[in-house]
Ligand code: AMP
């Protein structure tokens, strides 16, 4: 097995790695670091949890460690683009940790914060800019930053950037970079537009794909509750009131859904906070900091907001709504059982989502343990009706193709509004029982990503 000190990284970097307790590179690091150190472009298929951040950050630091000159005013030497403010902040935090023994300047250039302080930092010139594409483009256009000195470009979570509509901005940014730069593109999935972008941006890249293998799905205790939609809130309160819940993430499909669920939990005295793209930067930072520190016990999140968030000790993941993309389920439940721990994932599945649950089981090869609220025959009849009414075969096939057609805010199959909760406190629990068809989880070869 390769050790970090065999990769030829500069001493200050090895010292920082040593202090972080990392001696062995993860599989993606073992492949990406040597390729980038050789000056090659890289196309990496990897998701959060594989150690991909250090894979591209360490070679950038190595290159900068050899330079004595300060960057010129209003320029930067390396540019890292990511889809969200949170992920950018996290990457910068990694950058600062790994460069603790170097003189390195960096700037976080993201929307949702005042531009003034960012402009001020850039005025002096910085080694590394970590940015979201929109704000970066604004500051380049207002001449706060020139991209003419960029030697390394990293595009992280490219598929999320595609989903968020950042590709035109990315292409505009790239058109301003020197042609002889080094480029790394990382993405969890490789739909056609990303392949096309990679083809345009990368020169003879080393292609690296790491299966997210190190956190077996078997370590996550998965179950689903088949339930009418209007019983979900009550069930959610029950699940989250369990003493075993130390820290939980509740996933909703829409931003408004996240707000509604959060309000409900807070009204019942739970320490919850919502995190999604419509929240202000301040609100998002506060929610995340509270969650990491433990003052917020429950984070209600959409897929995109939670993607890339690296918090250990999440004991429970609850899918208040099931994702219509089965791969998203694997990403979601992979938020728990991190760092060698076990985890619990519970999905609340109404009849209109039953097809999604079956798609998930097909993808993972793992039958989820099921319980039912109400009559099984009623649930299955409604599920059949919903399947026939709202999801013609064509759209199901398209969903299964994965990735390219993602729509995190899709309301498909959710035409009924949740019933207003007028009682002011949880209603009596409905009868919950295991349906005849429920089976024990079967072993699967599919694993959720991480270290
Ligand atoms: P990432 O996929 O970059 O989000 O990394 C996931 C987690 O793995 C982070 O908490 C990193 O600090 C941690 N990590 C990165 N590299 C290593 C390594 N070589 N050994 C152990 N943990 C690591």
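The order of the peptides 45-51, 9-15, 88-94, 21-27 by mean Cβ neighbours within 10 Å, most packed first, is 45-51, 88-94, 9-15, 21-27. Legend: calculated FRET efficiency, residue 68 to residue 38, from the Cβ-Cβ distance at R0 = 22 Å, rounded to 0.05, equals 0.45.
The calculated FRET efficiency for the pair residue 283 and residue 93, based on their C-beta separation and a Förster distance of 30 Å, comes to about 0.95. Projecting label points 7 angstrom from Cα along Cα→Cβ for residue 230 and residue 256 puts them 1.9 nm apart.
Of the residues 187, 106, the one with the fewest other Cβ atoms within 10 Å heads the list, and the complete ranking is 106, 187. In this calculation the C-beta distance from residue 384 to residue 244 is compared with R0 = 35 Å, giving a FRET efficiency of 0.50. Every pair of different Cα atoms in segment 4-209 enters the Kirkwood calculation, which places the hydrodynamic radius at 16.9 Å. Comparing Cα centroids, segment 155-206 and segment 249-272 end up 34 angstrom apart. Taking a ≥ b ≥ c as the square roots of the Cα gyration tensor eigenvalues, segment 220-382 comes out prolate, since a/c reaches at least 1.5 and a/b is larger than b/c.
Sorted fewest first by neighbouring Cβ atoms within 10 angstrom, 145, 153, 226, 197 come out as 197, 153, 226, 145. Hey, quick one: spin label on residue 266, modelled 7 Å out along Cα-Cβ, who in segment 221-259 has an amide N within reach, i.e. under 16 Å? Those under the cut-off are 250, 255-259. Gain on full extension, evaluated as 0.36 nm per residue between residue 146 and residue 5 minus their Cα-Cα distance, stands at 47.2 nm. For segment 1-24, the residues whose backbone nitrogen is under 20 Å from a point 7 Å from the Cα of residue 100, taken along Cα to Cβ, are 4-6, 9-24. Remark on segment 224-310: hydrodynamic radius 13.2 angstrom, per the Kirkwood mean of 1/r across alpha carbon pairs. Between segment 110-128 and segment 349-368, what is the C-alpha centre distance in whole Å? Each part's Cα centre sits 45 Å from the other's.
None of the figures in this text is laboratory data; all of them are computed from the coordinates on show. Keep in mind that what you see is a predicted model, and the values were worked out from it rather than measured. Positions of Cβ are backbone-derived with ideal geometry, glycine not excepted, and every protein chain shown enters the neighbour counts.
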